[in-house]
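Report on the structure given below.
The values are calculated or read from the model by the stated rules, or taken from the named source; none is laboratory data. The model shown is predicted, which means the values in this text are computed figures rather than measured ones. Note that we place each Cβ from the backbone using ideal geometry, even for glycine, and neighbour counts take in every protein chain shown.
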Amino acid sequence: MNPAARLSRLVGAAALTLGFATAAQAAEWRGWNIHPENYPVSIGMEAFAAEVADKTGGEITLKVYHNGVLGSQPDAIEQVRLGAIDWAVFNAGPLGPVAPEVNVLSLPFIFSSVDAMHKVMDGPVGEEIGDGLRKVGLEPLGWFDSGARSFYHTGKLIKTPADMQGQKVRVMENDLYVGMISNLGGNATPLPYSDVFQSLQTGVIDAAENNYPSFESSGHFEVAKFYSNSEHLILPECLCINKALYDGLSEEQQAVLKEAGKNATALQRQSWAEREKASKEKVLASGVEIYEIEDKAPFQAAMQPIYEAFLKDSPELEGLIQRIQDAQK
């Protein structure tokens, strides 16, 4: 069954159940989402919401607020930790400054492939990283896919690190990304996602980095016609809720959330793979030039100082880095 059909079935089932639930019985949880409707993350979130409502008989209902209408990602992370927003899907990048274990995932080239990332995050290492989130008030229920991030530019292809010299590159709010661009010779510019299109269009920045679906859905491909497939970051996204809220549920309700999170993750990853293919085809058809960086060794070598600085500041995480690398063998 394709993602849209499955989502329709789940939503229909939830709607039927909710018809018999009274307002007094239901507790509606607000969910933050930076992406537009029908995006793979959004499909996964809506399916999660529908399954939870269905299997709790309407005792728990969830609403997804798309397009970042509840605030920026860093702000929303704090709001979910505090309980002002109940649940969300956050990228591991902005989560890193909050939870050191998650920040390990932002080390450039730490994953060899998307499949390797899935393997790591679905295993004991993923659970260990999840414990880091629990320490700061977030309960992880699934690790969504966000593909591999690569560079795109308004004026040229990035083929070697030398092509990054002096370029103004937008990055997410994380010091590791600032260091990544600096070590490649560029000038990192942290900006909110919503500001990237205009900044590319007006020349405030020369380039940015993201995956194919975001590059396409944001319209960035309309102003940045050169995409260099570096795959320097392969970041999961965390489906998570406020931990205090989760801890206050019955064991049966917690089991429902865990199962719904697992199912939503599988659906989101399937939807992601389909959307990634479609997005790449769309940007190619629009005239975007795509360059496959076959030799990533020079880019990887430039990241060595980042690893050294990271371990100097957080030596206790050296073992986690090693376990991530070992789990991919």
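Segment 81-141 holds helices (runs of 4 or more DSSP H) entirely within its bounds, and those carrying 2 or more residues that are under 27 Å from Met180 (Cα atoms) and among the acidic types (Asp, Glu) map to 124-134. Counted as qualifying within segment 212-329 are no strands (runs of 3 or more DSSP E), as none has 3 or more residues that are at pLDDT below 95.
If you check Pro192 against the conditions, is it of a type outside the set (Ser, Thr, Tyr) and either modelled with pLDDT under 95 or out of contact with any helix residue (DSSP H, G or I) (no Cβ under 9 Å at 6 or more places or on another chain) (or both)? Break it down stepwise before answering.
Details: of a type outside the set (Ser, Thr, Tyr): yes; either modelled with pLDDT under 95 or out of contact with any helix residue (DSSP H, G or I) (no Cβ under 9 Å at 6 or more places or on another chain) (or both): yes.
Yes.
Tell me whether segment 227-236 contains one or more residues that are in contact with an Asp or Glu (Cβ under 8 Å, 6 or more places away or on another chain), within 15 Å of Lys156 (Cα to Cα) and among the aromatic types (Phe, Trp, Tyr). Yes, that holds for at least one residue. Which residue, of Ala260, Ala244, Ala266, is in the same structural domain as Gly93 (by TED's automatic domain parsing), free of Cβ contacts under 8 Å to residues at least 40 places away in the same chain and within 24 Å of Ala92 (Cα to Cα)? Sole residue among the options that is in the same structural domain as Gly93 (by TED's automatic domain parsing), free of Cβ contacts under 8 Å to residues at least 40 places away in the same chain and within 24 Å of Ala92 (Cα to Cα): Ala266.
May I ask you to verify whether Glu78 is acidic (Asp, Glu), within 29 Å of Ala327 (Cα to Cα), without any contact (Cβ under 8 Å) to a residue 24 or more places away in the chain and part of a helix (DSSP H, G or I)?
Criteria not met by Glu78.
Among the residues in segment 192-204, are any touching a Ser or Thr at 6+ places or on another chain (Cβ under 6 Å), in a helix (DSSP H, G or I) and crowded, with 20+ Cβ neighbours inside 10 Å? Yes, the conditions are met somewhere in segment 192-204. Here is the figure for segment 254-292: residues that are closer than 21 Å to Glu231 by Cβ and not polar (S, T, N, Q) total 18.
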